[in-house]
Every structure is written in C-alpha cells, then in structure tokens.
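Contents: one structure, followed by commentary.
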Amino acid sequence: MSQLKPEPETQPRTPTIRVQYFRDPQRYEYDGLPVYFDPADGHTSEEAIERMAAAVAGDVHVAQAWMDRPNLELHHRTPRQAHRDGDVSQVIGILAQVAGF
C-alpha cells in the first residue's frame, strides 16, 4: 500500500488579522496596536512605536530598553534616534520582522 506524501505548500500563509472597530471611525487596532497610521508616511508617533514594541516583546520594560539600545540595522542608532531622524519605516520594519510578518 503506497503512502501519499503531502504536497508542499505553494502559497504563503496569510496571517490572521484581528481588527477592532471603535466609535471613532478613524481609529482601529490590530491586536492592541494602532493601525490608523501608514508606516511609510513618517508620522507614526514614538509612543505608537513603543506600544508596538511592547506588543511584540510582551513586556513594556523590554520594549523601552529596545527603544534605547543601539541597533546594527539602524547603523548603530537606537530606534528612538532613528524615529527622530525620520526613519520610521525602518524601525517598524524591524518590529514587523521580529513579529514574523
């Protein structure tokens, strides 16, 4: 009796997104993170990035330490410094990579 081999996945898996709607139609959250901003526009607040880091790390103190630790991917700048320099999309990209997106 021959055994069937499972076919390899040809399509990448799409992460499940949980979005919560609030009374303010401009404000949505994804797993507790604000999604009413566009990371590419450079207007994401430092506080929003820190909240994202806390959600990824699972701990506010770890997120605060990450925000103030020099990062090789940011050319030895801290995420906080990179944000102030206008490299918001780079900082969010690192968080997305760590989160597995």
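The values are calculated or read from the model by the stated rules, or taken from the named source; none is laboratory data. In this text, all values refer to a predicted model and were calculated from it rather than measured experimentally. Glycine also receives a Cβ, built like all others from the backbone with ideal geometry; neighbour counts cover every protein chain displayed.
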Let me confirm something: among Ala54, Ala96, Ala65, which residue is of a type in the set (A, V, I, L, M, F, W, C), over 13 Å from the mean Cα position of the chain (by Cα) and modelled with pLDDT of 80 or more? Ala65
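When the residues of the stretch 61-86 are narrowed to those that are in contact with a Pro (Cβ under 9 Å, 6 or more places away or on another chain) and part of a loop (DSSP other than H, G, I, E, B), which ends up surrounded by the most Cβ atoms within 10 Å (Cβ to Cβ)? Outline the logic, then answer.
Step one: list which residues in the stretch 61-86 are in contact with a Pro (Cβ under 9 Å, 6 or more places away or on another chain), which gives 66-69, 71, 76-78, 81.
With part of a loop (DSSP other than H, G, I, E, B) added as a condition, the list becomes 68-69, 76, 78.
Values: Asp68: 11, Arg69: 10, His76: 9, Thr78: 16.
Looking at the filtered set, the residue picked out is Thr78.
When you scan the stretch 23-41, do you find a residue that is modelled with pLDDT of 60 or more and hydrophobic (A, V, I, L, M, F, W, C), even just one? Spell out the reasoning first.
Step one: filter the stretch 23-41 for residues modelled with pLDDT of 60 or more, giving none.
Checked against the condition, which is being modelled with pLDDT of 60 or more and hydrophobic (A, V, I, L, M, F, W, C), the stretch 23-41 yields no hits at all.
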Filter result (hydrophobic (A, V, I, L, M, F, W, C) and in a helix (DSSP H, G or I)) within the stretch 87-101: Val88, Val91, Ile92, Ile94, Leu95, Ala96, Val98, Ala99
